[in-house]
1. For region 281-385, which helices (runs of 4 or more DSSP H) that fit wholly inside it have 2 or more residues that are within 30 Å of Ala173 (Cα to Cα)?
2. Residues of region 35-92 being charged (D, E, K, R) and within 12 Å of Gly110 (Cα to Cα), which ones?
3. Identify all residues within region 16-54 that are free of Cβ contacts under 8 Å to residues at least 40 places away in the same chain, of a type in the set (A, V, I, L, M) and surrounded by fewer than 21 Cβ atoms within 10 Å (Cβ to Cβ); write none if there are none.
4. With (1) farther than 23 Å from Ala250 by Cβ; (2) modelled with pLDDT under 95 as the list, and Pro340 as the residue in question, which single condition is left unmet?
5. Looking at the structure I just gave you, is Gly73 out of contact with any helix residue (DSSP H, G or I) (no Cβ under 7 Å at 6 or more places or on another chain) and at positive phi?
6. Looking at Ala229, Ala262, which one is without any contact (Cβ under 8 Å) to a residue 24 or more places away in the chain and closer than 24 Å to Leu194 by Cα?
7. When the residues of region 237-250 are narrowed to those that are part of a helix (DSSP H, G or I) and under 23 Å from the mean Cα position of the chain (by Cα), which ends up surrounded by the most Cβ atoms within 10 Å (Cβ to Cβ)?
8. For region 19-51, what are the residues that are under 15 Å from Ile316 (Cα atoms), assigned to a loop (DSSP other than H, G, I, E, B) and in contact with a strand residue (DSSP E or B) (Cβ under 6 Å, 6 or more places away or on another chain)?
Amino acid sequence: MKRFGVFIAPFHEPGQNPTLALERDLELVEHLDRLGFHEAWVGEHHSTGWETIASPELFLAFAAERTRHIRLGTGVVSLPYHHPLMVADRITLLDHLTRGRINFGVGPGGHLTDAAMLGIDPSELRPMMAEALPLIVRLMTDSTPLTHVSDWFELHDAVLQLRPYQDPHPPIAVTSMESPAGMALAGALGTGVLSLTVAKGPSGPVDLSSHWGIAEAEAERAGTAVDRADWRLSVPVHIAETRAEARDQAREGAARYLLDYAEAITGRPSPVAGPRGRVVDQMVEAGSWIVGTPEDLIDAMEALEERSGGFGTLLIWAHEWAPRDAVLRSYELIAREVMPRFTGALRGIEASNAVARRAVEGLHDRRQAAVDRARRDYEESRAER
């Protein structure tokens with residue numbers, strides 16, 4: 001069984017009302033909750049002017065009050081920016097307030113401009129995360145006072161006074177992109193994985209199968225275990241009734257995201273040559289984005305399954321490339337026509353339908369015989385009267 005969710009960075013073009021943009025993000029999580037999506041993950045960023053949620057925990061606390069079923073994840077807490085005890089305390093509090101609907105995603109930090117403002121050497125981000133996460137897990141699982149002196153934080157007889165609501169703690173997922181560091185840390189600690197870059201094409205394919213092999217090898221070395229069911233792949237997706245409609249809806253917004261943000265602001269070279277009007281088509285042709293019909297997404301998921309060797313959850317990379325009604329419609333089409341193919345929701349429906357089809361001719365004969373008998377009985381009763 002596959003699960004479905006959304007990864008909300010978010011991506012909001014500068015120049016828009018930021019308060020309304022955040023409200024749209026909250027409304028999106030509400031929409032996904034009604035549609036039956038399983039998860040929503042929300043990022044932490046502090047610069048660039050596009051990704052404007054500084055505290056996923058605060059955002060998710062609001063989202064929890066507006067939703068009933070969907071699980072809510074930090075996607076992610078940038079561990080080098082925070083004292084480990086503070087992170088453990090905040091996540092544990094949120095775990096209680098949501099009655100256990102929280103997933104705990106962690107990473108080294110999404111933007112080097114964030115690290116620069118904090119005076120952190122980018123080369124230290126991953127080692128800092130690798131140092132902090134085991135201590136956070138230790139605080140959540142063991143009430144024995146903990147002392148640890150680092151060059152960037154200290155713990156002295158530290159105890160987490162509020163124990164997690166979920167046992168032993170909220171599900172943990174480590175981000176993974178091109179570097180093997182995320183997979184290695186996930187394997188060493190036996191956590192889930194958030195793969196935020198699964199594109200293939202001119203930008204260079206991510207060898208998903210080999211990446212997962214890193215997690216398995218590190219888990220074997222550490223005596224832990226990793227499960228593909230806890231592996232989440234995040235992919236940009238926009239769906240409409242036809243391919244032409246989907247591409248036309250996303251064409252301008254997607255080009256602005258790739259060229260005016262990813263390339264111009266974050267410094268990542270565009271993987272396609274353009275021009276702007278051809279960006280969507282080129283990214284789809286390269287296999288990096290899924291912009292098309294529900295059937296296209298089904299085919300892409302089957303290809304991802306083969307390419308990765310198996311994964312648990314598809315996270316739709318949230319965007320605002322298309323008009324708002326088209327964005328919401330895309331998620332509705334996914335919920336209505338794609339999700340049931342992978343969640344097992346159709347097994348009973350299809351089996352029952354097949355039985356009815358096989359029996360239809362015989363049932364029709366029996367139905368007609370019952371009607372004929374009722375008519376005879378009625379005529380006989382009239383004659384007797």
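The values are calculated or read from the model by the stated rules, or taken from the named source; none is laboratory data. What you see is a predicted model; the values in this text were computed from it and never measured. Cβ coordinates were reconstructed from backbone atoms using ideal geometry, including for glycine residues, and neighbour counts include every protein chain displayed.
1. Correct list: 294-308, 324-333, 339-343.
2. Glu44, Glu51
3. Scanning region 16-54 gives Leu20, Ala21, Leu22, Ala54.
4. (2)
5. Spelling it out, it is not the case that Gly73 is out of contact with any helix residue (DSSP H, G or I) (no Cβ under 7 Å at 6 or more places or on another chain) and at positive phi.
6. Residue meeting the stated conditions: Ala262.
7. The residue in question is Ala250.
8. Hits for region 19-51 are Phe37, His38, Gly43.
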